[in-house]
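Remarks on the structure that follows.
The values are calculated or read from the model by the stated rules, or taken from the named source; none is laboratory data. Every value quoted in this text rests on a predicted model; they were computed, and no experiment measured them. Cβ placement follows ideal geometry from the backbone for every residue including glycine, while neighbour counts extend to all protein chains displayed. These area figures cover heavy atoms from the full protein model, side chains too; ligands, DNA and RNA do not enter into them. Shrake-Rupley method; radii C 1.70, N 1.55, O 1.52, S 1.80 Å.
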Amino acid sequence: MTGTPPKTGYAPVNGLNLYYEIHGAGHPLVLLHGAFMTIEALGDLVPSLARTRQIVAPELQGHGHTADIDRPLNYRQMADDVAALIRYLGIDQADVFGYSMGGAAAIQLAIRHPELVRKLVAASASYNSDGFHPGVLEAIAKLTPDVFIGTPPHDAYLRAAPNPGDFPKLVEKITHFDGEVQDWSADDIRGIKAPTMIVIGDSDGAQPEHAVEMFRLRGGGVMGDLAGLPPARLAVFPGTTHVGVIDRVEWLSSMVPEFLDAPMPEAG
């Protein structure tokens with residue numbers, strides 16, 4: 001990351017000291033990282049998006065600078081933590097972009113705190129366990145801390161974490177909550193108020209059919225020339241894995257701001 005140093009701080013929310021950074025200026029966009037990631041791991045995406053808006057990037061429970069507490073990880077709690085951060089910063093309403101674990105948390109934020117979310121971008125996320133390719137959740141459940149030694153996520157954690165020895169605890173918590181059945185209903189997704197953009201790699205952890213299903217639940221899947229463009233968008237990145245989605249900075253920094261800047265649909 002380059003340019004003006006970000007504003008940083010810790011927000012006391014729900015028993016956490018939640019670390020956050022603020023980059024750029026303009027309408028706020030809350031940017032939520034994936035599992036085992038830090039803000040640093042989002043790479044060039046942060047300064048790229050910060051050219052036209054204010055990026056609010058927290059590090060979620062047990063990640064990066066945010067120390068873990070005696071509380072399980074789950075998407076609803078992450079959403080509540082982010083909602084508390086938004087209120088702590090005095091933001092009335094923000095756009096939200098979440099990737100992977102952060103994408104599921106962003107979906108829950110839009111469900112649980114609709115008044116805070118203007119537009120939603122969910123990248124490489126699913127809303128139920130059936131959305132994943134067979135074997136994905138089983139592979140995650142078998143992860144051990146040793147797998148990460150010497151990898152960029154582990155190195156970034158060691159640089160940022162107030163308690164570097166807690167990494168095995170983070171691995172245990174993530175493998176446990178990823179192994180739980182994720183059973184949000186179609187009505188939950190259909191009822192989201194915020195215009196939504198779904199992003200997925202064509203070789204992602206979630207199946208492309210699941211992304212299309214979410215797109216349809218959000219109002220997509222119509223003949224736009226006849227019915228008009230829906231308040232939902234779908235982007236499938238070719239030749240892109242789950243990990244690779246967040247590296248498609250050129251595509252994301254083109255498509256996401258254009259979606260966020262488009263006029264809000266008329267209330268009907």
Next item on the list: Note down the net charge around L158, summing +1 for each Lys or Arg and -1 for each Asp or Glu among other residues with Cβ under 12 Å from its Cβ.
Entry: -2
Item checked: Contact order relative to length of the chain, as percent, for alpha carbon pairs under 8 angstrom and 6 or more apart -> 18
Check: What are the lysines whose alpha-carbon lies under 27 Å from the alpha-carbon of K142, with same-chain residues fewer than 8 places away excluded?
Finding: K169, K173
Item checked: With at most 15 other Cβ atoms within 10 Å, longest stretch of the chain clear of loop trypsin sites (Lys or Arg not before Pro) (DSSP) -> 52-141
Margin query: On the principal axes of its Cα set, how long, how wide and how thick is the stretch 149-193? Give whole Å, largest value first.
Written below: 41, 23, 19
Checklist line | Of V121, V236, V222, the one that fluctuates the most in a GNM where the chain has Cα springs shorter than 10 Å | finding: V222
Note to self: Counting only other residues whose beta carbon sits under 11 Å from that of I192, what net charge do I get with K and R as +1, D and E as -1?
What the structure shows: +3
Next item on the list: Roll a 1.4 Å probe over the protein chains and send me the accessible area per residue for the chain in Å².
Entry: 45
Checklist line | Of all accessible heavy-atom area on the chain, the percent that carbon and sulfur account for (1.4 Å) | finding: 53
Next item on the list: Could you list the GluC sites (Glu not before Pro) in the stretch 137-213 that lie in coil according to DSSP, counting only those with at most 14 other Cβ atoms within 10 Å of their Cβ?
Entry: E180
Notebook entry, point to check: What's the Cα-based Rg to Rh of the stretch 110-268, Rh via Kirkwood?
Noted result: 1.01
Check: Projected area of the chain, taken from the Cα convex hull and averaged over every viewing direction, in nm²?
Finding: 13.7
Check: Applying 1/(1 + (r/R0)^6) with R0 = 22 Å to the Cβ-Cβ distance of I91 and R112, what FRET efficiency is obtained, to the nearest 0.05?
Finding: 0.85
Margin query: Net charge within 12 Å of A235 by Cβ-Cβ distance, Lys/Arg positive one each and Asp/Glu negative one each, not counting A235 itself?
Written below: -1
Check: Hey, quick one: spin label on T52, modelled 7 Å out along Cα-Cβ, who in the stretch 184-212 has an amide N within reach, i.e. under 16 Å?
Finding: 197
Note to self: Between the stretch 201-228 and the stretch 120-135, what is the separation of their alpha carbon centroids in Å?
What the structure shows: 13
Item checked: Proximal aspartates and glutamates relative to K7, as straight alpha-carbon distance under 16 Å, when same-chain residues fewer than 8 apart are discounted -> E21, E40, E59
